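J.: Pasting in a structure now, in structure tokens, and then I'll have a few things to ask.
The values are calculated or read from the model by the stated rules, or taken from the named source; none is laboratory data. Treat the numbers as computed from the prediction; the structure is a model and nothing was measured. We place every Cβ from the backbone using ideal geometry, glycine too, and count neighbours over all the protein chains shown. Accessible surface is based on the protein model in full, side chains and every heavy atom, while ligands, DNA and RNA are left aside. Shrake-Rupley method; radii C 1.70, N 1.55, O 1.52, S 1.80 Å.
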Amino acid sequence: MGTSLNSAIFFVTVISQVWVSSAKLSGINVWPQPRLMSWPQPQATLISPNFIITSPQHPYLSSAVNRYLNLIKNEQYRPQVTPSVNITTSPLLTLSISVDNLFTPLHHGVDESYTLTIPANVSMANLTAQTVWGAMRGLETFSQLVWGKPSLVAVGLYVWDSPLFPHRGLMLDTSRNYYGVDDILRTIAAMSGNKMNVFHWHITDSHSFPLVIPSEPDLAAKGSYGSQMQYSPDDVKNIVQFGLAHGVRVLPEIDSPGHTGSWAEAYPEIVTCANMFWWPAQTEWADRLASEPGGTGHLNPLNPKTYQVLKNVISDVVNLFPEPFYHGGADEIIPGCWKADPTIQSFLSKGGSLSQVLEKFVNITLPFIVSLNRTVVYWEDVLLDDLVKVGSSFLPPEHTILQTWNNGPNNTKRIVKAGYRAIVSSSEFYYLDCGHGDFLGNDSQYDQPDGGNTRNGGSWCGPFKTWQTIYNYDITYGLSEEEAKLVVGGEVALWSEQADPTVVDARLWPRTSAMAEALWSGNRDERGKKRYSEATDRLNEWRYRMVSRGIGAEPIQPLWCIRNPGMCNTFHPFV
């Protein structure tokens, strides 16, 4: 109890910000809400037809400047609630950008702070930042302060802004169903608009291997869904460069040793239980070969050829992705799959254990990844699984980050208490695929005469995670101040058993926006009170703006609600 209270006090202290009442009353909207914004007298002025943005020359910043200049001049967004402002007489001619450290790379922990000043009755606004990445965040804020036709911009305004958490990510699974390059680029663009900075690309899994590996071309040639459902090196370069131009890192995940059934199309000899039925008849759940259909297949750590192939894959992925983090997966080792292999059976019969099999795998692959100048990210299972896991001696904290997805704050606590940095993706809050049912073809749970279904939407992680569920999650809950420092941030996750390009925008947005604000400026006001009620109108407005920018974000309320503020609330709390 005492630890939780300390954590709560720490969280409130860290996220405190200023948001003057005039901004709320006037209807101006910035998402994520800045840490500090002062607008004492709501005023606006016209954007001059000759408006320009001046900035230092930099390949990615210059690209962003051109993109935002076009947006500011041509978006002409019409808010659902028109801001109530006084119009001043001096059009804004220039936004001047200055950057202190022009060549700081986009790596974890980079300074993304910025200061934006838009004086009244002056023709020039100023945006200052330590890095080009902070300047990009400031450009996004400026773009959201512009609205209408002809375009107006808020003036007499000051913003200081900086994220609470350095890692604000989105994970997309492109193995179970394929997403085209354009779908990925559109997702990254939306992330940038929400000031998110990590696209975690879960590229491969048991279902398909869509990534073309130059040194191992058969993996995609035989393991993908087809030649039109592959990512070439040029595709990867395009995605990585697009990410950099939008201030978004592209973090690759090649999951192993589990989730590798697709590798067996090219190398059946290194994969156990590949292409076998996932849960054989007459067996208990504990003896299953996978946790879902199509999920069978684990790399065999006792076969030397496994490491020849895997090291080629890792080396090529490191060459394709400049990102200093490499996600190695290492989740959901299913005992039955490894036990189906004769080599592993022999090892176990001589007194060995499955955890020792995993230890061998980690002991060979982790040092190799580190030798390529990468920090290794694993899912929490590698340390916390009940049945198959490795000891902490195999996972040096200086080279390892663990991503949590089970048991909410409890597993986050276990990870940081063990001295590891944590990325929080708690399925109870951040899994966006939940609540859409399971995908078994003959699922008898739905055949209920009374319509009853005790599984909360039919999926293992149901119910559906509403935007308020996501927004209200405090990812450092229950942690001491020192433990909270090891939480580098969080990621929402979209697993794609039942998602593909036709639904991806609505599955992601605007629920992902909820996490984006919570990790950027927090989910509490300056008094320490949860601000989800106030955030509703702002998220509504931001959702409409995202739609105008080509993102198919789903609605969170009827349009009537945003046009009648407060009328869709209740005086009777449910808890």
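J.: Looking at the range 36-161, what % of its DSSP beta bridges pair antiparallel, to the nearest 5?
T.: Within the range 36-161, antiparallel bridges account for around 60 percent of the total.
J.: Give the calculated FRET efficiency between VAL547 and THR343 to the nearest 0.05, with a Förster radius of 41 Å applied to their Cβ-Cβ distance.
T.: E(calc), rounded to 0.05, equals 0.15.
J.: How many nm is it between the label spots at ASN121 and SER215, if each spot is 7 Å from the Cα in line with the beta carbon?
T.: 6.7
J.: Taking Rh as the Kirkwood radius computed over C-alpha pairs, what is the Stokes-Einstein D of the range 137-276 at 4 °C in a medium of viscosity 1.567 mPa s, expressed in µm² per second?
T.: Roughly 75 µm²/s, to the nearest whole number.
J.: Express the carbon and sulfur contribution to the solvent-accessible surface of the chain as a percent, rounded to the nearest whole number, probe 1.4 angstrom.
T.: It is 54 percent, rounded to a whole number.
J.: What lysines does LYS237 reach when the alpha-carbon gap must be under 26 Å and sequence neighbours fewer than 8 apart in one chain are set aside?
T.: Partners found: LYS195, LYS222, LYS311.
J.: Then there's this: Just to verify a number: FRET efficiency for ASN410 and THR469, C-beta to C-beta distance, R0 = 22 Å, to 0.05?
T.: The calculated FRET efficiency here is 0.80.
J.: When ranked by the protection proxy of mean other Cβ atoms within 10 Å per residue, highest first, what sequence do the peptides 419-428, 385-394, 37-46 form?
T.: Ranking, from highest mean packing down: 419-428, 37-46, 385-394.
J.: Put +1 on the Cβ of each Lys and Arg and -1 on the Cβ of each Asp and Glu in the chain; which of LEU366, VAL503, GLN282 then has its Cα farthest toward the positive end of the dipole?
T.: VAL503
J.: If you put +1 on each Lys and Arg Cβ and -1 on each Asp and Glu Cβ, how big is the dipole of the chain around its Cα centre, in Debye rounded to 20?
T.: Approximately 1760 debye in magnitude.
J.: Here is a follow-up. Compute the distance in nm between two label points, each set 7 Å from the Cα along the Cα-to-Cβ direction, one at ILE364 and one at ASP386.
T.: Result for the modelled spin labels: 3.0 nm.
J.: Any aspartates and glutamates with Cα under 19 Å of the LYS413 Cα? List them, leaving off those in the same chain fewer than 8 positions away.
T.: ASP331, GLU380, ASP381, ASP385, ASP386, GLU398, GLU428, ASP474, GLU481, GLU482, GLU483, GLU491
J.: Along the charge dipole of the range 37-141, pointing to its positive end and built from +1/-1 on Cβ of Lys, Arg, Asp and Glu, which listed residue (SER55, PRO83, VAL99) has its Cα farthest out?
T.: PRO83
J.: Oh, and also: Just subtract the alpha-carbon distance of ALA286 and LYS350 from 0.36 nm times their residue separation and send over the number in nm, one decimal.
T.: 20.8 nm
J.: From the mean inverse distance of alpha carbon pairs (Kirkwood) and the Cα radius of gyration, derive Rg over Rh for the range 482-575.
T.: Rg/Rh for the range 482-575 comes to 1.02.
J.: Using 0.36 nm per residue of separation minus the Cα-Cα distance, give me the extension gain between PHE571 and LEU102 in nm, one decimal.
T.: 163.7 nm
J.: Check the straight Cα-Cα distances from LYS529 and name the lysines below 20 Å, setting aside those fewer than 8 residues away within the same chain.
T.: Reachable lysines: LYS24.
J.: I'd like the accessible area for GLU292: 1.4 Å probe, protein heavy atoms, all chains in place, Å² to the nearest 10.
T.: We get 30 Å² for GLU292.
J.: Turning to a different aspect of this structure: The range 13-167: Rg/Rh from Cα coordinates, Kirkwood Rh?
T.: Rg/Rh: 0.95.
J.: Another question, if that's okay. Below 8 Å between Cα atoms, with a sequence gap of 6+, how large is the relative contact order for the range 434-517 in percent?
T.: It comes to 31 percent, rounded to a whole number.
J.: Between TYR158 and SER232, 0.36 nm times their residue separation minus their Cα-Cα distance comes to what?
T.: Additional length available on full extension: 22.2 nm.
J.: Moving to a separate point now. What Kirkwood Rh does the chain have if only Cα atoms enter the pairwise 1/r average? Answer in Å.
T.: Computed over the chain, the radius equals 25.1 Å.
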